[in-house]
1. Just the number, please: carbon plus sulfur as a percent of the accessible area of region 215-340, 1.4 Å probe, no ligands or DNA/RNA counted.
2. Calculate the translational D of region 181-326 in whole µm² s⁻¹ from Stokes-Einstein, where the hydrodynamic radius comes from the Kirkwood formula applied to all Cα pairs, the temperature is 37 °C and the viscosity 0.692 mPa s.
3. Pairs of alpha-carbon atoms within less than 8 angstrom and 6+ residues apart define the contacts here; what relative contact order does region 221-308 have, in percent?
4. Indicate, rounded to the nearest 5 percent, the antiparallel portion of the DSSP beta bridges found entirely in the chain.
5. For region 111-189, take the convex hull of the Cα atoms, compute a quarter of its surface area, and give me that in nm², please.
6. Please report, in debye to the nearest 20, how large the charge dipole of region 282-424 is about its Cα centre when each Lys and Arg carries +1 at its beta carbon and each Asp and Glu carries -1 there.
7. Using just the helices of the chain, give the 222 nm mean residue ellipticity in deg cm²/dmol: DSSP H runs with n ≥ 4 each add -39,500 (n - 2.57), and the total is spread over all residues, rounded to 500.
8. Quick one: net charge of residue 154's neighbours, Cβ under 11 Å, K/R +1, D/E -1?
Amino acid sequence: MPLPFPLNEPRARLSGCLPFPCGDQTIANLKKQYDTIVGVGASITAGVFSQTFQFDTPFRGANFTSSSVPGTTLQFMIDNVNSFTSLASGRTLFIVHAGGNDCSTFLSASGTADDPDGVVLSWDDMSDQHKSVTESRYRELISALKQHGDVALSSLTLRDYKGQVLTSPDPDAIGSGSWNDGVVIPLCEELTPEFFDKTRGRPVFDYYQMVKNNPEMLSVDNVHMGDVTYPADPVNGYPAGPSSHAMRIYMIEKLGSIGAITSSPLPDGFSDRIILNVGAGNSLMGRPPFQAHAVTQEIVGRNTYTGISLFSLKSPNTPVSSVDIEIPGAGYGRNNLNSNSLPWNEGVIERNILCNSLGAELIKLTFHGLKGKSGVIRFTGLHSIGATPDASRSAKVTLTDSEGFKVATYENVAPLTSDDVSFFADVDFNAGSLETVVAVIEPNDGASYAYLGGVQIDTIK
């Protein structure tokens with residue numbers, strides 16, 4: 001069966017763009033996709049771009065990269081602008097989230113000479129000289145970057161210095177809120193108008209409002225991002241997942257909404273995606289899927305699990321369907337397989353899902369809520385990662401939909417190279433008028449157990 005999309009991102013580019021998020025309606029659709037997205041800033045930008053493997057490239061057709069260094073100022077970025085411009089390749093967009101450390105120097109409750117009482121100051125409290133120098137540095141930095149690509153100036157994130165900003169009567173009037181109003185927003189409108197939202201009168205990449213609306217993402221210092229894809233597991237020794245997760249997703253969604261990158265991970269013509277991750281016992285410890293809408297179900301012994309809610313890419317907070325899982329016979333788990341060599345994937349072929357699986361004599365999945373929908377269901381599960389497929393470790397899936405029985409096989413041992421497609425099976429489905437779609441996974445000929453680690457459902461309607 002031909003694959004509806006290649007194994008690795010990027011997938012076929014969508015012919016159009018998703019509707020703009022609230023407030024962006026008047027922004028002209030760029031209708032141009034970038035080859036390279038460069039983050040320009042300091043520690044927060046480094047967290048979004050550099051401190052995670054999410055941007056294994058290409059990601060949705062673009063190379064995401066940055067040379068941002070924690071603790072740096074606008075002048076440092078100017079003096080070392082080549083470290084950013086040298087990253088330009090093809091059609092390049094520089095997303096500038098810069099000046100945070102300058103802002104902290106002048107406005108934070110730091111007890112410095114400018115701030116002896118530890119009171120958070122505002123842009124208006126700065127001297128005219130400091131305001132002028134700051135503005136000129138932004139202009140110089142943006143001018144230097146524009147020689148190598150397009151530039152989008154973003155607002156500074158909300159910086160809740162010593163917890164005093166959010167509790168103040170007017171948080172926007174002090175700290176980074178006032179910095180944005182005083183210098184960033186006017187310069188964004190003037191110098192990078194393609195990335196200015198005229199309806200809201202704010203930058204397209206409005207990190208300030210994003211953090212203000214989600215203050216729980218701030219770390220203990222109230223400045224940097226502490227939110228992670230999943231928490232650390234000190235008992236089993238796994239570190240937390242990549243941080244700055246919400247800010248990264250926000251940036252990706254904004255880029256997609258204006259046509260700067262492919263607007264979603266879905267193949268051309270598909271409308272939604274569901275991901276289910278299963279494993280036996282503690283085989284899922286510390287390694288949940290990176291996709292927030294994915295559902296993880298632990299399987300313990302011979303058992304039946306009914307009504308497991310499933311969420312989708314488009315509705316990550318509201319169940320769109322459910323699944324019953326039946327394990328009538330013996331089974332056991334595979335965990336901690338070394339799948340880290342895999343590139344980032346926004347589907348079920350991701351390293352955290354493939355690193356564990358459930359082995360059983362039979363696994364029955366009954367999907368509810370797919371009535372009237374069609375698409376492709378992908379199954380995968382590994383026993384081990386080896387050089388060649390192993391006939392004794394192979395699974396067969398039989399799917400029943402409105403068109404009858406459909407059978408496919410997939411290997412449970414695979415090298416996981418980019419050219420290898422044997423470790424998953426794609427099955428076209430059409431629910432039609434049926435209330436349920438049923439998949440039975442069992443050992444293929446010559447195998448004793450079948451392995452399942454993840455299921456992905458991409459729907460067309």
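1. C and S fraction of accessible area: 51 percent.
2. Reported coefficient: 179 µm²/s.
3. 23 percent
4. 75 percent
5. Numbers: hull surface 23.5 nm².
Spelled out: convex hull of the Cα atoms, projected over all directions, averaged, 5.9 nm².
6. On the way: 12 positive and 12 negative charges, 47 e Å.
That gives region 282-424 a dipole magnitude of about 220 debye.
7. Numbers: 10 runs with 80 residues, N = 461.
Value at 222 nm, helices only, nearest 500: -4500 deg cm²/dmol.
8. Result for the neighbourhood of residue 154: +1.
The values are calculated or read from the model by the stated rules, or taken from the named source; none is laboratory data. Keep in mind the model is a prediction, meaning the values are calculated, not measured. Every residue, glycine as well, gets a Cβ built from its backbone with ideal geometry; the counts of neighbours run over all protein chains shown. For accessibility, only protein heavy atoms count, side chains too; no ligands or nucleic acids. Shrake-Rupley method; radii C 1.70, N 1.55, O 1.52, S 1.80 Å.
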